[in-house]
Amino acid sequence: MYAKSLFAIIFNLVKEREEAEDILQDVFVKIWKNIDSFSESKGRFYTWMLNIARNTAIDKLRSKGFNNSKKNLSSDNFVHLLDDNTKQNHKIDSIGIQEFVKKLKPKCIQIIDLFFLKDIRNRKLQMS
């Protein structure tokens, strides 16, 4: 009866359907375990459940594990960039680096060129 409205509150905070579904399940477990702490004199049952849902979602957003999972992107997003070594310039351009570098100050571009060339020289030395 309350699942849709509680899910909407949670999803509005976490912005991910699967994560919101997991949190909703945790919320109903918390409601079940803490039903004795509900008091009609303090407010409506729906408001009490809503606060549990909101607080659980906020706790999840603040958790270290949740924040770390957002920092790590799946390698599946980048595999297509590595499959053909013959088109290096195309690969760099396909992720937008060249356009970004063009907008930098000339001194910054020179530094990037030096690091890039140094890296290429080091790779050649390691291969020989």
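The values are calculated or read from the model by the stated rules, or taken from the named source; none is laboratory data. Here the structure is a predicted model, which is why all the values come from computation and not from measurement. All Cβ positions, even for glycine, are placed from backbone atoms using ideal geometry, and neighbour counts span all protein chains on display.
Descriptive notes on the structure:
Results for (1) aromatic (Phe, Trp, Tyr); (2) part of a loop (DSSP other than H, G, I, E, B), shown as yes or no for each residue.
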| position | (1), (2) |
| --- | --- |
| Met1 | no, yes |
| Ser5 | no, no |
| Ile10 | no, no |
| Leu13 | no, no |
| Glu18 | no, no |
| Glu21 | no, no |
| Asp26 | no, no |
| Trp32 | yes, no |
| Asp36 | no, no |
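- Some residue of the stretch 2-21 being of a type in the set (Phe, Trp, Tyr) and touching a residue at least 40 places away in the same chain (Cβ under 8 Å): yes
- Verdict on Asn72 being modelled with pLDDT under 70 and among the polar types (S, T, N, Q): yes
- Here Thr47 fits the description: free of Cβ contacts under 8 Å to residues at least 12 places away in the same chain and hydroxyl-bearing (Ser, Thr, Tyr).
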